[in-house]
1. Just to be sure, is Leu140 farther than 21 Å from Gln14 by Cβ, in contact (Cβ under 8 Å) with a residue 60 or more places away in the chain, surrounded by 18 or more Cβ atoms within 10 Å (Cβ to Cβ) and among the aliphatic types (A, V, I, L, M)?
2. Tell me which residues, restricted to region 1-29, are among the charged types (D, E, K, R) and modelled with pLDDT of 95 or more.
3. Within region 161-176, how many residues turn out to be under 24 Å from Leu75 (Cα atoms) and either modelled with pLDDT of 95 or more or among the polar types (S, T, N, Q) (or both)?
4. Please go through region 95-106 and pick out each residue that is under 15 Å from the mean Cα position of the chain (by Cα), surrounded by fewer than 19 Cβ atoms within 10 Å (Cβ to Cβ) and either closer than 21 Å to Gln6 by Cβ or acidic (Asp, Glu) (or both).
5. Would you pick out the residues in region 91-146 that are aromatic (Phe, Trp, Tyr), in contact with a helix residue (DSSP H, G or I) (Cβ under 7 Å, 6 or more places away or on another chain) and modelled with pLDDT under 95?
6. Scan region 52-73 residue by residue and report those that are within 19 Å of Glu99 (Cβ to Cβ) and modelled with pLDDT of 95 or more.
7. When residues of region 64-94 are filtered for being closer than 11 Å to Leu24 by Cβ, in contact (Cβ under 8 Å) with a residue 60 or more places away in the chain and buried (at least 20 other Cβ atoms within 10 Å of the Cβ), how many remain?
8. Identify the single condition in (1) in contact (Cβ under 8 Å) with a residue 40 or more places away in the chain; (2) among the small types (Gly, Ala, Ser); (3) surrounded by fewer than 18 Cβ atoms within 10 Å (Cβ to Cβ); (4) under 25 Å from Cys135 (Cβ atoms) that Gly115 does not satisfy, given that it satisfies every other one.
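The values are calculated or read from the model by the stated rules, or taken from the named source; none is laboratory data. All values reported here derive from a predicted model rather than from experimental measurement. Backbone-built Cβ (ideal geometry, glycine too); neighbour counts: all protein chains shown.
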Amino acid sequence: MNQTLQFQAGSLDQLAKFAASGYLYAVVDSVDAPGIAEKAKELGTAGAASLFCDSAEEEFWSVSPFLFRVEQPTLQWIAETLWQQPWGVFVMSKSGMDEVRDHMRKFLVVLLPDGERWFFRFYDPRILKVYLPACNEAELQVFYGPVRAFAMKTPEEEQLWIVQRASLPSAGEQIQAAAAAVGNGHGPWRVRPEQYAALTEAAHREFVARVAAHLRQFFPER
């Protein structure tokens, strides 16, 4: 486990306190939960924003990742509608919505070790739970940026986890210095070979688990 990360058991009551203070957001995935795009329209521009921009925002609205400003009604909607799905992750930050959105957008496209560009669904809790511990301190400093903590729950477990760095969110100049230190000052965010291996292994485990669950459901006696 990365010693610069802290995994703490959380609850909806804790999230409600962040929501009441205006410090709770969520990055939500409309691919795995189709009702999200409609919810984004309902919340309007003050409560939701696509992470895509320009023409892609309109063209791919129905499959876009969104940033939601999470107030109590939205938190309740997530808990009642999405809780058992890999719908996304919560984000705790004192920064404004535009700043959080701009920060999250930086990681949508990453550069793999072989030079291929990859659309990075970091907001999938099954991915983020593996990716964060595979980061070094400088990478975490940049990835968290203005974010105080992420909160996530994977479909296979009931526990909500709050994941934060041991230190406070970094100032802009510190983030730029850290980005330069890990070679991510310009261009797409880079995924190191060790991180790619960890993500690939996790994806394989999930595939095996899904096949096993399918076999148990449809062929229980074999």
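1. Answer is yes for this residue.
2. Answer for region 1-29, where residues must be among the charged types (D, E, K, R) and modelled with pLDDT of 95 or more: Asp13, Lys17.
3. Of the residues in region 161-176, 4 are under 24 Å from Leu75 (Cα atoms) and either modelled with pLDDT of 95 or more or among the polar types (S, T, N, Q) (or both).
4. Correct list: Asp102 only.
5. Across region 91-146, there are no qualifying residues.
6. Phe66, Leu67, Phe68, Arg69, Val70, Glu71
7. Counting residues in region 64-94 that are closer than 11 Å to Leu24 by Cβ, in contact (Cβ under 8 Å) with a residue 60 or more places away in the chain and buried (at least 20 other Cβ atoms within 10 Å of the Cβ) gives 5.
8. The failed condition is (1).
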